[in-house]
Amino acid sequence: MSGKTIGSFGAPGTGKSHFARSAANVAKVAVACIDPGEESFYLQHPKIGEQQVATFFDDKWRPFHGKYEATGYRGFMKWLDKQRSSDAQVIVIDPADELSDLIFHEVLKHSNTDDPREMPYGAAYIAHDRALKEAINETRALSYLGKDTIWIWHGRMREMEGAGDPEKGKSMQGDDVIEFEDRYLPAIGTNFRQHIAGMFQMWMYAYTKGQGPGTKYLLRATQNLACNAKVRVEFKAGVQATMLPNDYKSLLEAIK
(Lines give C-alpha, C1' and ligand atoms only; values in the text may rest on other atoms or scores of the structure.)
Protein backbone atom coordinates (compact mmCIF):
# COMPACT_ATOMS: atom_id res chain seq x y z
CA MET A 1 0.00 0.00 0.00
CA SER A 2 1.47 3.32 -1.03
CA GLY A 3 1.80 6.17 1.43
CA LYS A 4 0.57 9.73 1.13
CA THR A 5 2.28 13.10 0.98
CA ILE A 6 0.25 15.58 3.03
CA GLY A 7 0.76 19.32 3.27
CA SER A 8 -0.99 21.24 6.06
CA PHE A 9 -0.90 25.03 6.22
CA GLY A 10 -2.86 27.89 7.72
CA ALA A 11 -2.89 30.65 10.29
CA PRO A 12 -1.08 30.40 13.64
CA GLY A 13 -2.98 28.50 16.33
CA THR A 14 -5.08 26.38 13.98
CA GLY A 15 -3.65 23.05 15.14
CA LYS A 16 -1.23 22.17 12.33
CA SER A 17 1.40 20.64 14.61
CA HIS A 18 -1.30 18.93 16.69
CA PHE A 19 -2.43 17.17 13.51
CA ALA A 20 1.10 15.94 12.80
CA ARG A 21 1.67 14.84 16.41
CA SER A 22 -1.63 12.94 16.44
CA ALA A 23 -0.13 10.49 13.93
CA ALA A 24 1.78 8.95 16.86
CA ASN A 25 -1.52 7.63 18.20
CA VAL A 26 -1.70 5.07 15.39
CA ALA A 27 1.81 4.77 13.90
CA LYS A 28 5.48 5.22 14.68
CA VAL A 29 6.63 8.68 13.66
CA ALA A 30 9.97 10.29 12.87
CA VAL A 31 10.00 14.05 13.26
CA ALA A 32 12.32 16.62 11.75
CA CYS A 33 11.97 19.76 13.87
CA ILE A 34 13.34 22.66 11.84
CA ASP A 35 12.46 24.99 14.71
CA PRO A 36 14.20 23.83 17.93
CA GLY A 37 11.24 25.14 19.89
CA GLU A 38 9.01 22.44 18.40
CA GLU A 39 11.04 19.56 19.86
CA SER A 40 9.51 19.69 23.34
CA PHE A 41 6.01 19.81 21.85
CA TYR A 42 6.48 16.46 20.13
CA LEU A 43 8.27 14.89 23.07
CA GLN A 44 5.23 15.61 25.25
CA HIS A 45 3.44 12.81 23.40
CA PRO A 46 3.82 9.56 25.39
CA LYS A 47 4.48 7.52 22.25
CA ILE A 48 7.26 9.74 20.88
CA GLY A 49 10.74 9.15 22.25
CA GLU A 50 13.85 11.29 21.92
CA GLN A 51 15.30 8.96 19.28
CA GLN A 52 12.30 9.76 17.06
CA VAL A 53 12.88 13.52 17.00
CA ALA A 54 15.77 15.24 15.19
CA THR A 55 16.35 18.99 15.23
CA PHE A 56 17.95 20.91 12.37
CA PHE A 57 19.07 24.48 12.89
CA ASP A 58 22.00 26.52 11.57
CA ASP A 59 23.33 27.83 14.86
CA LYS A 60 26.58 28.86 13.13
CA TRP A 61 24.75 30.95 10.49
CA ARG A 62 25.57 34.43 11.85
CA PRO A 63 25.82 36.84 8.92
CA PHE A 64 25.94 39.90 11.18
CA HIS A 65 29.23 38.53 12.48
CA GLY A 66 30.51 37.62 9.03
CA LYS A 67 29.94 33.89 9.57
CA TYR A 68 28.25 32.01 6.75
CA GLU A 69 28.36 28.39 7.85
CA ALA A 70 25.38 26.29 6.80
CA THR A 71 24.85 22.69 7.86
CA GLY A 72 21.11 22.38 8.45
CA TYR A 73 19.88 21.45 4.98
CA ARG A 74 22.54 18.83 4.33
CA GLY A 75 21.92 17.31 7.75
CA PHE A 76 18.20 17.20 7.07
CA MET A 77 18.65 15.47 3.70
CA LYS A 78 20.91 12.83 5.27
CA TRP A 79 18.29 12.24 7.97
CA LEU A 80 15.56 12.00 5.33
CA ASP A 81 17.55 9.40 3.40
CA LYS A 82 17.84 7.28 6.56
CA GLN A 83 14.05 7.18 6.83
CA ARG A 84 13.97 4.86 3.81
CA SER A 85 15.26 2.05 6.01
CA SER A 86 13.80 3.15 9.35
CA ASP A 87 10.73 1.56 10.94
CA ALA A 88 8.91 4.90 11.07
CA GLN A 89 5.61 4.84 9.22
CA VAL A 90 4.96 8.58 9.28
CA ILE A 91 7.60 11.23 8.56
CA VAL A 92 6.92 14.77 9.84
CA ILE A 93 8.66 18.00 8.76
CA ASP A 94 7.74 20.93 10.99
CA PRO A 95 7.83 23.77 10.06
CA ALA A 96 8.72 23.24 6.43
CA ASP A 97 8.95 26.95 5.65
CA GLU A 98 11.98 27.14 7.96
CA LEU A 99 13.53 24.34 5.92
CA SER A 100 13.27 26.87 3.10
CA ASP A 101 15.44 29.21 5.19
CA LEU A 102 18.05 26.46 5.68
CA ILE A 103 18.11 25.95 1.91
CA PHE A 104 18.80 29.64 1.37
CA HIS A 105 21.68 29.40 3.87
CA GLU A 106 23.12 26.50 1.87
CA VAL A 107 22.76 28.40 -1.41
CA LEU A 108 24.14 31.70 -0.14
CA LYS A 109 27.06 30.50 1.99
CA HIS A 110 29.48 30.25 -0.93
CA SER A 111 28.83 33.92 -1.78
CA ASN A 112 29.28 35.07 1.84
CA THR A 113 25.96 36.89 1.86
CA ASP A 114 22.52 36.53 3.38
CA ASP A 115 20.82 38.50 0.59
CA PRO A 116 19.63 36.44 -2.42
CA ARG A 117 19.50 39.60 -4.50
CA GLU A 118 23.30 39.80 -4.46
CA MET A 119 23.52 36.66 -6.63
CA PRO A 120 23.09 37.38 -10.36
CA TYR A 121 20.12 36.46 -12.55
CA GLY A 122 17.98 35.11 -9.75
CA ALA A 123 20.43 32.24 -9.22
CA ALA A 124 19.69 32.00 -5.48
CA TYR A 125 15.95 31.65 -6.04
CA ILE A 126 16.39 29.07 -8.78
CA ALA A 127 18.77 27.02 -6.64
CA HIS A 128 16.41 27.28 -3.67
CA ASP A 129 13.43 25.97 -5.62
CA ARG A 130 15.47 23.13 -7.07
CA ALA A 131 16.64 22.05 -3.60
CA LEU A 132 13.15 22.29 -2.10
CA LYS A 133 11.73 20.19 -4.94
CA GLU A 134 14.49 17.65 -4.30
CA ALA A 135 13.46 17.39 -0.64
CA ILE A 136 9.79 16.98 -1.54
CA ASN A 137 10.65 14.37 -4.15
CA GLU A 138 12.55 12.41 -1.51
CA THR A 139 9.38 12.22 0.57
CA ARG A 140 7.35 11.30 -2.49
CA ALA A 141 9.76 8.40 -2.94
CA LEU A 142 9.05 7.37 0.66
CA SER A 143 5.39 7.00 -0.29
CA TYR A 144 6.35 4.09 -2.55
CA LEU A 145 7.70 2.40 0.57
CA GLY A 146 4.29 2.79 2.24
CA LYS A 147 5.27 5.75 4.44
CA ASP A 148 3.16 8.86 4.90
CA THR A 149 4.87 12.25 5.08
CA ILE A 150 3.35 15.32 6.71
CA TRP A 151 4.74 18.75 5.85
CA ILE A 152 3.62 21.53 8.19
CA TRP A 153 3.74 25.01 6.67
CA HIS A 154 3.30 28.34 8.37
CA GLY A 155 1.16 30.67 6.31
CA ARG A 156 1.85 34.16 5.10
CA MET A 157 -0.92 36.65 4.50
CA ARG A 158 -1.18 37.72 0.87
CA GLU A 159 -3.95 39.98 -0.36
CA MET A 160 -4.18 38.38 -3.81
CA GLU A 161 -2.20 35.16 -3.63
CA GLY A 162 -4.16 32.39 -1.96
CA ALA A 163 -7.27 34.52 -2.06
CA GLY A 164 -9.67 31.63 -1.55
CA ASP A 165 -13.44 32.15 -1.67
CA PRO A 166 -14.76 35.73 -1.58
CA GLU A 167 -17.28 36.64 1.11
CA LYS A 168 -18.99 39.86 2.10
CA GLY A 169 -17.66 41.47 5.23
CA LYS A 170 -17.21 44.73 7.10
CA SER A 171 -14.08 46.85 7.33
CA MET A 172 -12.92 48.32 10.64
CA GLN A 173 -14.73 51.50 9.59
CA GLY A 174 -17.98 49.57 9.01
CA ASP A 175 -17.86 49.74 5.22
CA ASP A 176 -18.98 46.82 3.07
CA VAL A 177 -15.95 44.96 1.69
CA ILE A 178 -15.12 41.68 0.02
CA GLU A 179 -13.05 39.42 2.26
CA PHE A 180 -11.26 36.18 1.51
CA GLU A 181 -11.50 33.23 3.86
CA ASP A 182 -8.01 31.83 3.34
CA ARG A 183 -5.48 34.40 2.23
CA TYR A 184 -2.52 32.27 3.19
CA LEU A 185 0.24 30.67 1.22
CA PRO A 186 3.29 28.86 2.62
CA ALA A 187 5.75 31.39 4.04
CA ILE A 188 8.62 30.75 1.65
CA GLY A 189 10.54 33.45 -0.14
CA THR A 190 10.02 32.54 -3.79
CA ASN A 191 7.08 32.29 -6.18
CA PHE A 192 7.26 28.53 -5.78
CA ARG A 193 4.77 29.06 -2.92
CA GLN A 194 2.05 29.43 -5.57
CA HIS A 195 2.76 26.02 -7.13
CA ILE A 196 4.00 23.88 -4.25
CA ALA A 197 0.56 22.52 -3.39
CA GLY A 198 0.50 20.53 -6.62
CA MET A 199 3.41 18.38 -5.43
CA PHE A 200 1.33 16.84 -2.63
CA GLN A 201 -1.37 14.19 -2.74
CA MET A 202 -3.32 16.09 -0.11
CA TRP A 203 -3.11 19.80 0.58
CA MET A 204 -4.97 20.67 3.75
CA TYR A 205 -5.96 24.11 5.01
CA ALA A 206 -6.14 24.15 8.84
CA TYR A 207 -8.76 26.43 10.37
CA THR A 208 -10.95 26.82 13.45
CA LYS A 209 -14.63 27.35 14.09
CA GLY A 210 -15.92 28.91 17.29
CA GLN A 211 -14.03 30.34 20.24
CA GLY A 212 -12.97 29.33 23.71
CA PRO A 213 -13.56 25.80 25.05
CA GLY A 214 -15.94 25.07 22.18
CA THR A 215 -13.38 25.75 19.46
CA LYS A 216 -13.33 23.12 16.74
CA TYR A 217 -10.10 22.43 14.86
CA LEU A 218 -10.72 21.41 11.28
CA LEU A 219 -9.03 20.70 7.97
CA ARG A 220 -10.23 21.48 4.50
CA ALA A 221 -8.99 19.71 1.39
CA THR A 222 -8.52 22.95 -0.46
CA GLN A 223 -7.59 24.66 -3.62
CA ASN A 224 -7.92 28.35 -4.31
CA LEU A 225 -7.08 30.96 -6.89
CA ALA A 226 -3.36 30.75 -6.15
CA CYS A 227 -2.90 27.12 -5.07
CA ASN A 228 -4.05 24.71 -7.76
CA ALA A 229 -4.00 21.77 -5.39
CA LYS A 230 -5.51 18.48 -6.43
CA VAL A 231 -6.58 16.05 -3.74
CA ARG A 232 -5.42 12.74 -5.18
CA VAL A 233 -7.40 10.59 -2.78
CA GLU A 234 -11.07 9.66 -2.72
CA PHE A 235 -13.16 10.35 0.34
CA LYS A 236 -15.87 8.04 1.58
CA ALA A 237 -19.51 8.82 0.80
CA GLY A 238 -20.90 11.47 3.13
CA VAL A 239 -17.51 12.89 4.13
CA GLN A 240 -17.33 16.67 3.91
CA ALA A 241 -13.91 17.44 2.49
CA THR A 242 -14.32 21.04 3.67
CA MET A 243 -14.83 20.07 7.34
CA LEU A 244 -12.44 17.23 8.15
CA PRO A 245 -11.40 16.62 11.78
CA ASN A 246 -7.90 17.89 12.53
CA ASP A 247 -6.69 14.41 13.49
CA TYR A 248 -4.49 11.99 11.54
CA LYS A 249 -6.48 8.84 12.42
CA SER A 250 -9.79 10.51 11.56
CA LEU A 251 -8.38 11.66 8.24
CA LEU A 252 -7.31 8.11 7.35
CA GLU A 253 -10.76 6.83 8.26
CA ALA A 254 -12.36 9.39 5.93
CA ILE A 255 -10.41 8.09 2.91
CA LYS A 256 -11.50 5.12 0.81
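The values are calculated or read from the model by the stated rules, or taken from the named source; none is laboratory data. What you see is a predicted model; the values in this text were computed from it and never measured. When we count neighbours, we look across all protein chains shown, and the Cβ atoms used for this are built from the backbone with ideal geometry, even at glycine. Side chains included, ligands, DNA and RNA excluded: accessible areas come from the protein's heavy atoms. Shrake-Rupley method; radii C 1.70, N 1.55, O 1.52, S 1.80 Å.
Before moving on, here are some points about what is shown:
- Gaussian network model of the chain, springs between alpha carbon atoms under 10 Å - residue of Q51, Q240, Q89 with greatest fluctuation: Q51
- Reduced Cα scattering model of the chain, Debye log10 I(q)/I(0), q = 0.07, 0.10 Å⁻¹: -0.25, -0.51
- Residue among P95, P36, P46 with the largest mean-square fluctuation in a Gaussian network model of the chain, springs linking Cα atoms under 10 Å: P46
- Exposed GluC sites (Glu not before Pro) absent: longest stretch of the chain, with sites in DSSP loops and at most 13 other Cβ within 10 Å deemed exposed: 70-158
- Gain upon complete extension [K28, Q211; 0.36 nm per residue less C-alpha separation]: 62.7 nm
- Taking a ≥ b ≥ c as the square roots of the Cα gyration tensor eigenvalues, region 1-98 comes out prolate, since a/c reaches at least 1.5 and a/b is larger than b/c.
- Accessible surface of K147 - all protein chains present, 1.4 Å probe, nearest 10 Å²: 20 Å²
- Virtual spin-label span in nm between L145 and D59, 7 Å along Cα→Cβ: 2.8 nm
- Cβ-Cβ FRET estimate between N112 and K78, R0 fixed at 25 Å, reported to 0.05: 0.55
- Of K28/K216; K16/K60; K4/K82, those spanning more than 20 Å from alpha-carbon to alpha-carbon: K28/K216; K16/K60
- Taking 0.36 nm per residue of separation and subtracting the current Cα-Cα distance, fully stretching the chain between E69 and K236 would add 55.2 nm.
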